[in-house]
Amino acid sequence: MYEMGKLLSFQQLQLKYNLKSNQYFKYLQFRDYLKKHIQGYQTLTLDLLDEAMNSKAESSNLISYLYNIILNIELPSTEAIRVDWERELLIKIPKETWEKYLIYIHKYSINARHNLIQFKILHRLYYSKTRLNKIYPNISPTCDKCLSQNATITHSFVSCTKLHKSWNEMFTKLFNIKLDPNTEMIIFGSMEDGNKLNTFQKSRLNYGLITAKKITQCLTCGFQICRKRHILKKCDSST
């Protein structure tokens, strides 16, 4: 649609991409969308990545140029996500602690899929029933486990009454000590709350947490006994 930052006309696009005349209406639709949502849509300023993609492929330093651009790209802010968690959990999460939670995503397990589960939960990308209800109103937001409260992310993984006993039993069997599972520990990990545990135990705990959260996504009635044993077996095999 654009060339050197300028919006091409349909005739120019026809010559460039061999478009048929019956594509003109689609062109008008797209141009109207640009007009409504982008101020000064007829001319756009190219960013560094656009310029790199438009540069000649045979350039000897193209790869290095692209690499440097990617390194300098600023990551999107997660401040809004932190605020949403504070609102849902009714707690204050210091920015320094939040940054630790973000970094710790990659330390849960050597299994990339496990880390992806934590990434989706922490970034609130998990499709809880309350989120699905906003997209598809015909889907009930009520929890399938307790059938009494809306299934937010926190409820689905922590506060559902059907999960309380299972979480307590898992923690007791893992360490044979009294360790009360709380919302922050289960959602974010054991960084700040595992003061009773040594490094080895914390590692085992986090692996158990991520395995339990993986299983919780697939169950409708909490952790069944066989599932609890599966979690413990997984933790033992990881150590």
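The values are calculated or read from the model by the stated rules, or taken from the named source; none is laboratory data. Just so it is clear, the structure is predicted and the values come from calculations on it, not from any experiment. Please note: Cβ atoms are built from the backbone with ideal geometry, for glycine as well, and neighbour counts cover all protein chains shown. Accessible surface areas use protein heavy atoms only, side chains included; no ligands, DNA or RNA. Shrake-Rupley method; radii C 1.70, N 1.55, O 1.52, S 1.80 Å.
Among the residues of the stretch 172-188, is there at least one that is at pLDDT 80 or above, among the hydrophobic types (A, V, I, L, M, F, W, C) and either open to solvent by 10 Å² or more (accessible area, probe 1.4 Å) or not in a helix (DSSP H, G or I) (or both)? Working first, answer last.
Going through the stretch 172-188, the residues at pLDDT 80 or above turn out to be 183-188.
With the extra rule that they be among the hydrophobic types (A, V, I, L, M, F, W, C), the set shrinks to 185-188.
From the residues that got through so far, the ones that are either open to solvent by 10 Å² or more (accessible area, probe 1.4 Å) or not in a helix (DSSP H, G or I) (or both) too are none.
No, the stretch 172-188 has no match at all.
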Does the stretch 158-169 include one or more residues that are open to solvent by less than 50 Å² (accessible area, probe 1.4 Å), outside any helix (DSSP H, G or I), of a type in the set (S, T, N, Q) and in contact (Cβ under 8 Å) with a residue 24 or more places away in the chain?
no
Selection from the stretch 125-148 of residues that are surrounded by fewer than 16 Cβ atoms within 10 Å (Cβ to Cβ) and either in a loop (DSSP other than H, G, I, E, B) or touching a Leu at 6+ places or on another chain (Cβ under 6 Å) (or both):
Leu125, Tyr127, Tyr136, Pro137, Asn138, Ile139, Ser140, Asp144, Leu147, Ser148
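Output the residues belonging to the stretch 100-124 that are outside any helix (DSSP H, G or I), in contact with a Phe, Trp or Tyr (Cβ under 8 Å, 6 or more places away or on another chain) and either open to solvent by less than 30 Å² (accessible area, probe 1.4 Å) or modelled with pLDDT under 90 (or both). Can you show your working first?
Residues of the stretch 100-124 outside any helix (DSSP H, G or I): 108-111, 123-124.
This time we only want the ones that are in contact with a Phe, Trp or Tyr (Cβ under 8 Å, 6 or more places away or on another chain), so: 108-109, 124.
Within the stretch 100-124, Tyr108, Ser109 qualify.
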Count of residues meeting criterion [open to solvent by 70 Å² or more (accessible area, probe 1.4 Å), out of contact with any helix residue (DSSP H, G or I) (no Cβ under 9 Å at 6 or more places or on another chain) and not acidic (Asp, Glu)] in the stretch 81-99
2
